[in-house]
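Working notes for the structure below.
The values are calculated or read from the model by the stated rules, or taken from the named source; none is laboratory data. As the structure is a prediction and not an experimental result, all values here were calculated from the model. Using ideal geometry, Cβ is built from the backbone for each residue, glycine included, and neighbour counts are taken over all protein chains shown.
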Amino acid sequence: MKKILTLTTLLISTLAFAQNQVPPSFWGVQFIHGNDIYPAPGSPVPLFNQIRLSDTDTGWGDIQGNNTLKGCNPSSKLDFSYLDTYLTHYALPNDFDVTYVAAKTPCFISSNPTDSCFYFTGACAPPKDITCTGGGPGGTGGTDATFIAYLQALWTHMQGQPYYPGRNWFFEMWNEPNVGKYWHNDWINATYCGGDPTASGRIMMRMAADARATISQIDPNVQFITPAVSVALLQARKNGWWYNYLKLGGGQYADIMGVHSYLFADTQPVEDVCCGPSTLIAGALATMAEFGQSGKPLWATEGSCGKWCAGLPDMVGWAARYYTLLLSSGEVKRFNWYSYDVFGTLWNGKELTPTGQMLGVLQSDWGYAGGTFNGCTATTEPSCAGAGHIYTCNMQEGGTGTTAEVAWYDSQGKTCPFTPNGTGWIDYNNVMGNKTNYNGGPVTLGNRPILFEK
């Protein structure tokens, strides 16, 4: 995907001077392993307020039976034991909100039980008791009885557990349905529904409608999130999966608009995530506006440098820029880093990684937790090595209210001299927590942001 920063001066936020305070609920994470140490020992450490249950062996097919753990057997029993262990370990002792992600159709319920999927056979096809046409939501038919019965049993069970009270609960309708290994769009559209290109979205919409109706009867406080697409830079734009889902009317069954904020970090600049007109977040907001969903919050329910993290020249710098951009305009209300222990690792099983340490510094030392951002600007600097862009983001730090300016240079591996705007600057800080007195004049900027303070 091409780099989009070509203007001499680019406003990263259309509300560059708006006051956007970071709420505690912004900070989320996914724990893939069931027994990580959290909070991590040391100081400062990254702290979170929400967790998302995906890739955690807690999906529909994990609980109701699959061909890996229990066999493709219709007599398989519901087994909530691992879900309970997981939430007792993470949610019960912490002040976490929880997002439950419905995914992985059990193979004995699947409309295509022998189809090869990422998790197990049949997991990426709809349940066989939904038909492609009828008078139900999305123009579908059938009863959807198996999914409804599962959700009734699941939510009734969770409500009776010690980990349920005292936290906010959210339901996300499937994980990355634009990806064939999670939701087999081609088979659904061409084979199951006889060549209807809208079928996979309509069936997902039916399941979302049934989920909302079913769970709301048990707990009316649960909020619902759209199916969150991967590669949202494309999929949230015209003719992308998420765009077409909202076009079909899927937004009516969600309180929250959810996308995944991954980038192809080996070839694509992190600055493509937010917030100028050609970025991932701007594309999602434009689609929401087109289909009457602008009044709802936008969440990045999952994101990071993903499988490309290991190949980055400097993951610490990439992640620091990524978080700064997501926070800069206040458009992304919540975000879950993927993950604490896999891919974009914050914890290596023994201690915090440098990326984990950096995030702790951003939250506490830099005042990102509770801080107020005033937007970012990017300016082309043709005289600098690499002819890149200097990014500057103005903010007031959380807790102290200290006036600060974050700056970095986006040309990979290059540097550029930089003098902060205005007067009164007394020090600057790097992302690992080291502070340097500032006496005026230019400072060398690189790919890792630095924070100037007054």
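Observations on the structure shown:
- Verdict on Thr121 being under 26 Å from His33 (Cβ atoms), among the hydroxyl-bearing types (Ser, Thr, Tyr) and either surrounded by 15 or more Cβ atoms within 10 Å (Cβ to Cβ) or without any contact (Cβ under 8 Å) to a residue 40 or more places away in the chain (or both): yes
- Every condition in (1) more than 26 Å from Lys307 (Cα to Cα); (2) crowded, with 20+ Cβ neighbours inside 10 Å; (3) out of contact with any Cys (no Cβ under 7 Å at 6 or more places or on another chain) holds for Ser383 except the one numbered (2).
- Subset tally (residues that are more than 13 Å from Met205 (Cβ to Cβ), in a loop (DSSP other than H, G, I, E, B) and touching a residue at least 12 places away in the same chain (Cβ under 8 Å)) for segment 134-151: 1
- Taking the listed residues Gly240, Gly258, Gly195, the one that is more than 14 Å from Gly138 (Cβ to Cβ) and without any contact (Cβ under 8 Å) to a residue 40 or more places away in the chain is Gly195, with no other qualifying.
- Lone qualifier among Thr423, Thr402, Thr392, Thr436 - being surrounded by fewer than 19 Cβ atoms within 10 Å (Cβ to Cβ) and in contact (Cβ under 8 Å) with a residue 24 or more places away in the chain: Thr402
- Qualifying residue in segment 285-292 (condition: crowded, with 24+ Cβ neighbours inside 10 Å and at negative phi): yes
- Every residue from segment 347-378 that is under 18 Å from Ser304 (Cβ atoms) and touching a Ser or Thr at 6+ places or on another chain (Cβ under 6 Å): Thr353
- Those strands (runs of 3 or more DSSP E) lying entirely in segment 1-98 with at least 1 residues at pLDDT 95 or above: 27-29, 50-53
- Within segment 335-360, if we keep just the residues that are surrounded by fewer than 23 Cβ atoms within 10 Å (Cβ to Cβ) and among the polar types (S, T, N, Q), the residue that is farthest from His33 (Cα to Cα) turns out to be Gln357.
- Residues located in segment 154-190, provided they are in a helix (DSSP H, G or I), more than 25 Å from Phe80 (Cβ to Cβ) and in contact (Cβ under 8 Å) with a residue 40 or more places away in the chain: Asn185, Trp187, Ile188
- The number of residues in segment 264-288 being part of a helix (DSSP H, G or I), in contact with a Cys (Cβ under 8 Å, 6 or more places away or on another chain) and under 16 Å from Ser230 (Cβ atoms) comes to 2.
- Residue that is farthest from Lys307 (Cα to Cα), among those in segment 231-245 that are surrounded by fewer than 24 Cβ atoms within 10 Å (Cβ to Cβ) and of a type in the set (A, V, I, L, M): Leu234
- Matching entry among Thr287, Thr279, Thr353 (being of a type in the set (Val, Ile, Thr) and in contact (Cβ under 8 Å) with a residue 60 or more places away in the chain): Thr279
- Considering segment 209-243, and only residues there that are of a type in the set (S, T, N, Q), assigned to a helix (DSSP H, G or I) and over 21 Å from the mean Cα position of the chain (by Cα), the residue that is nearest to Gln152 (Cα to Cα) turns out to be Thr214.
- For segment 193-207, the criterion of a residue being buried (at least 19 other Cβ atoms within 10 Å of the Cβ), out of contact with any Cys (no Cβ under 6 Å at 6 or more places or on another chain), at pLDDT 95 or above and of a type in the set (Asp, Glu) is satisfied by no position.
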